[in-house]
1. Any residue at all in region 203-221 that's in a helix (DSSP H, G or I), within 16 Å of the ligand (Cβ to nearest atom) and touching a helix residue (DSSP H, G or I) at 6+ places or on another chain (Cβ under 9 Å)?
2. Anything in region 150-179 that is more than 20 Å from the chain's Cα centre (by Cα) and part of a helix (DSSP H, G or I)? List them, or say none.
3. Conditions: (1) more than 14 Å from the ligand (Cβ to nearest atom); (2) over 16 Å from the mean Cα position of the chain (by Cα); (3) more than 24 Å from residue 84 (Cβ to Cβ). Residue 372 meets all but one. Number of the miss?
4. Please specify each residue of region 119-142 satisfying the condition of being outside any helix (DSSP H, G or I) and within 15 Å of residue 174 (Cβ to Cβ).
5. Return yes or no: is residue 353 within 30 Å of residue 216 (Cα to Cα) and either at pLDDT below 95 or touching a strand residue (DSSP E or B) at 6+ places or on another chain (Cβ under 9 Å) (or both)?
6. Scan region 265-285 for residues that are assigned to a loop (DSSP other than H, G, I, E, B) and more than 10 Å from the ligand (Cβ to nearest atom) and jot them down.
7. Of the residues 383, 339, 399, which single one is in a helix (DSSP H, G or I), away from the ligand (no atom under 14 Å from the Cβ) and closer than 24 Å to residue 88 by Cα?
8. Can you tell me which condition residue 310 does not meet? The list is (1) in a loop (DSSP other than H, G, I, E, B); (2) in the same structural domain as residue 136 (by TED's automatic domain parsing), and all the others hold.
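The values are calculated or read from the model by the stated rules, or taken from the named source; none is laboratory data. In this text, all values refer to a predicted model and were calculated from it rather than measured experimentally. Cβ sites come from the backbone with ideal geometry, for glycine too, and all protein chains shown count toward neighbours.
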Ligand code: CMC
């Protein structure tokens, strides 16, 4: 069969073009040949926010946003959340396959070997104000790791890349816990490598004077499931940032810091913090109708609702809603969950949300669970960044081995002035200032 093509007619020139179609996609570069004048640059595609542009091919995560499907390396998120640990899933993301029991043991030992950070990092974190946002501290301290591991610049070596990946996965919880304890004025707690990844994180957060920290198995399991759900989500804003910065051959620490910076934004990973602020502002179920009216009037957004890809219930939100009951059995039921469920019910029946296919996303319920576990809202995005690190690194590794890798460098449609001559300063009429007032 002939290769399928997309036929285009340029009505400016009446010329016909045939553009090859592969994987239901056409290559933007194939449009460059479309020109009105041979001297012209050629046609580009315009896509602000990359709503319909594939920036890479990937074998890591599959999402069907209309059906609410999420799979890592082909495995449904529901099965991974029920039957795996977070480190097992991190292995899957980075190695293409799930580990055997001995591979997992070795992987966990390797990660444990890298949980400590240089003692100087403590001084570095101490330099932040007592009320510094933990995400700001995390972004800065991950970037600082680049100065501790100059060998990370050797991105061409697969074994060197693996070492940096282990360091990053191992050290992210330690840096996150340091940021947390700094904001509370508590001494930093060292990692305890007898514990699982999640239990060790809880140990570094909450250990006081006891010799050995013991976590609640229910809360440790819930946190581990939350880590699995947040581990990857294909080409979202932070992962695309990781790939973009990585495409300049920057080392993985500064690339991860850049990705974490993107995650910090309230439209991305910062939404879980914003959901809690929103629930506090609504206060009680009787205020929901007023709040919904403000959303519909475009005054505020219903945080934790809507998604660029999911036009159906986010499968991660479903799993989180399910585990919330187990968490509340240990922590006591949060009044916020009832408020959130009432808000969800009203929104899902409202034409505004139905028409726009706006459903709860992963952030709608996660913050409520985190708060019940004892985290301040400022920590929520940090709890997203720790597991997402394995996803960022899986994409970075995929990029490093991609034969089509080039530095990311989008084009623009220039709409500014044509060439003009500079006017001496005392002859300028101040149009620019006038134009902006
Ligand atoms: N509340 C009210 N209206 C909304 C919302 C919302 N949360 N989300 C989208 N809309 C409306 C929007 O106003 C627009 O309406 P209209 O067509 O009348 O102009 C329409 O729905 C399409 O919205 P959009 O902004 O074009 O959609 P997008 O794909 O660019 O944005 C989003 C996706 C997630 C940024 C957006 O839905 C949003 O701001 N949600 C709230 C923040 C949030 O919960 N973010 C977490 C995302 S999940 C975690 C992650 O992956 O980071």
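1. Within region 203-221, none of the residues are in a helix (DSSP H, G or I), within 16 Å of the ligand (Cβ to nearest atom) and touching a helix residue (DSSP H, G or I) at 6+ places or on another chain (Cβ under 9 Å).
2. Applying the first criterion (more than 20 Å from the chain's Cα centre (by Cα)) to region 150-179 yields 150-163, 178.
150, 151, 152, 153, 158, 159, 160, 161, 162, 163, 178 - these are the residues of region 150-179 that are more than 20 Å from the chain's Cα centre (by Cα) and part of a helix (DSSP H, G or I).
3. (3)
4. Within region 119-142, just 119 meets the criteria.
5. no
6. Of everything in region 265-285, those that are assigned to a loop (DSSP other than H, G, I, E, B) and more than 10 Å from the ligand (Cβ to nearest atom) turn out to be 283, 284.
7. 399
8. Only one criterion is unmet by residue 310, namely (2).
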